[in-house]
Amino acid sequence: MTMLATLADTLFALARPVVHATDAEAAHSLTITALERLPPARCAVTSPILATTLAGIDFPNPVGLAPGFDKDARVPAQMPHFGFGFVEVGTLTPLPQDGNPRPRVFRLTKDRAVINRLGFNNGGQDAAIRRIERMRRLASIVPLGINIGANKDSTDRIADYARGMAAMAPLADYITVNISSPNTPGLRALQDKGALEALLAAVRASATTPKPIFLKVAPDLEPADIDDIVAVAMDQRLDALIVSNTTVTRPPLTDAQAEEAGGLSGAPLRDLAQQRLADFRKASGGAIPLIGVGGIASADDAWARIRAGASLVQLYSALVFEGPGLAGRIARGLEALARRDGFVRVADAVGVDG
Ligand SMILES: Cc1cc2nc3c(=O)[nH]c(=O)nc-3n(C[C@H](O)[C@H](O)[C@H](O)COP(=O)(O)O)c2cc1C
C-alpha cells in the first residue's frame, strides 16, 4: 500500500464521525473535490501473482473501482494511489441530466450498506471526453472502463447507447453497457432477450474504434433470464458480463433508512451477488469472462468471488465503511490467499469452485 493510502486511511478514521454525520451525497462531493487535488498516480499495486489479462487488456491487479463513485471521470488517474488495478467511470449519458430529487443516497451504517436512487445524474459525455483526453495525456497507469447509459427522457434508448459507444470507445480500454440501474424507469427491460439482441447489435455496429464490450446486469434475475442473457452474450461475442448492479430486493436490514426506495448495495448484497455470479458461471460454462461486484469488503470476499468464476472484481460501497486503502489491502490479501491455496497466480483460481 502506498504511503498516501495509509495516510488517507488514518485521516479517514479520524474524520469518519464527521463524514458520517454529513449527508452521504455531500460527503461524496467533498471526497471527489479532495481527490482532484492529488497528482495522478505514477505506479500501480501489482506483482506477478496479481497481474492478469482480460479481453486483451493487461490489469496490474484484479481489484477495480465500480462505477458510480466517479460518474463524471474527474479522478480516474488518482485512484491507483489507493490500490485500484482498474477504474470504471460513469454511468455517462449522451446529454447531461440532474437525476432524481435529493436526498437520494442513504448510508445504512448499521447494515454497512447504501441505498441510492440517483437516476444517472451526470454532466454528459462531451464534458467527460474533454477530461479524459486531458487525463490520458498526463497519466494512464491502469485500464479505464467507461460505463454508458441512456438519458431518462430519451425517445430511443438504443440510439443513446450506440451514440455513447461511438463517442466514448476511442478513449476507453473497455466499454460497459449498463442496462441494470433500477433508477431509470424501464431501463432494466433492455435485459429481455429481443431488446438485448437489438441493443448489443446496435452498440457493436456503432463502434468506429473496436473496443471490448462488457454488459452489466442486475442481481434480480430469474434462471430463465440468466440463460437468455448468456445466449445473447455468446451470440453477440460479448467480452465480459459484470455481475451485478444494486438490488431492488430487501434482505433483512436493521437501519432506520432501510425502507428508502432505490438500489441496495454493500454487505447485504454480498451473498446475492455471489450466488448470481455462480449462476452465470454455471449457465455459461466458463465461456464468457465474468466480473464480480456487490458487497465485496475484504480479501476473503474477493477471493470467494474469484474462485466462483470472477476474472476481476469491483467495489464501491465498502469504501464508505472501510476507508480509502481498502482496494490495496484486498489486492495484497489476494496474494496471500493465492499462496495459501497453492496457486501461482490469482488468475489460476478463477472458477475453481464452479
Ligand atoms: C451511490 C452509488 C451510485 C452508483 N452509480 C452507478 C452507476 O452510475 N452506474 C453503474 O453501473 N453502477 C452504479 N452503482 C452500482 C455499483 O457500481 C455496484 O454495482 C454496486 O454498488 C454493488 O457493489 P458494492 O456493493 O461494492 O457497492 C452505484 C452504486 C452506488 C452505491
Based on other C-beta atoms within 10 Å, arrange 312, 38, 326 from fewest to most.
38, 326, 312
How far apart, in nm, are two points set 7 Å out from the Cα along the Cα-to-Cβ line at residue 207 and at residue 43?
3.3
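What shape does the stretch 218-342 have by the C-alpha gyration tensor, where a ≥ b ≥ c are the square roots of the eigenvalues, rounded means a/c under 1.5, and otherwise prolate means a/b greater than b/c and oblate the rest?
Oblate, since a/c reaches 1.5 and b/c is not below a/b.
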Pull out a ≥ b ≥ c, the square roots of the eigenvalues of the alpha-carbon gyration tensor of the chain, then state rounded if a/c is under 1.5, prolate if not and a/b is larger than b/c, and oblate in the remaining case.
rounded
Pick out, from 19, 56, 81, the residue whose Cα sits farthest towards the positive end of the charge dipole of the stretch 1-123, with +1 on the Cβ of Lys and Arg and -1 on the Cβ of Asp and Glu.
19
Dipole magnitude of the stretch 187-274, debye to nearest 20 (Cβ charges: Lys/Arg +1, Asp/Glu -1, about Cα centre):
420
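When the convex hull of the C-alpha atoms of the stretch 289-336 is computed, what volume per residue in Å³ does it have? Before the final figure, lay out the partial values.
Details: hull volume 3.0 nm³, N = 48.
Hull volume over Cα atoms, normalised by residue count, gives 62 Å³.
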Give me the distance in nm between label points sitting 7 Å out from Cα along the Cα-to-Cβ direction at residue 32 and residue 53, one decimal.
3.5
Name the residue, out of 243, 344, 313, whose mean-square fluctuation peaks in a Gaussian network model built on the chain with Cα pairs under 10 Å.
344
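Contour minus end-to-end for residue 13 and residue 348, with contour as 0.36 nm per residue of separation and end-to-end as the Cα-Cα distance? The partial results should precede the final answer.
On the way: separation 335, 0.36 × 335 = 120.60 nm, distance 3.53 nm.
Difference between extended and current length: 117.1 nm.
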What is the Cα centroid distance between the stretch 1-26 and the stretch 217-236, reported in whole angstrom?
38
The chain, helix-only ellipticity at 222 nm - DSSP H runs n ≥ 4, -39,500 (n - 2.57), divided by all residues, nearest 500
-11500 deg cm²/dmol
If each of residue 22 and residue 259 carries a label point 7 Å out from its Cα toward its Cβ, how far apart are those two points in nm?
3.0
Treating only the Cβ of Lys, Arg, Asp and Glu as charged (+1, +1, -1, -1), what charge dipole size does the chain show about its Cα centre? Round to the nearest 20 debye.
820
Among 185, 212, 94, whose mean-square fluctuation peaks in a Gaussian network model of the chain (Cα, cutoff 10 Å)?
185
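Rounded to the nearest 5, what % of the DSSP beta bridges within the stretch 1-148 are antiparallel ones?
Details: 8 of 14 bridges.
Roughly 55 percent of the beta bridges in the stretch 1-148 run antiparallel, per DSSP.
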Taking the beta-carbon count within 10 Å as an exposure proxy, list 330, 115, 32 from fewest neighbours to most.
32, 115, 330
So between residue 287 and residue 339, what do we pick up on full extension, going 0.36 nm a residue minus the alpha carbon distance?
16.1 nm
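Values quoted throughout were computed directly from the atomic coordinates according to the rules given, and no laboratory measurement underlies them. Note that the coordinates shown come from a computational prediction; the quantities given were computed from them, not determined experimentally. Please note: Cβ atoms are built from the backbone with ideal geometry, for glycine as well, and neighbour counts cover all protein chains shown.
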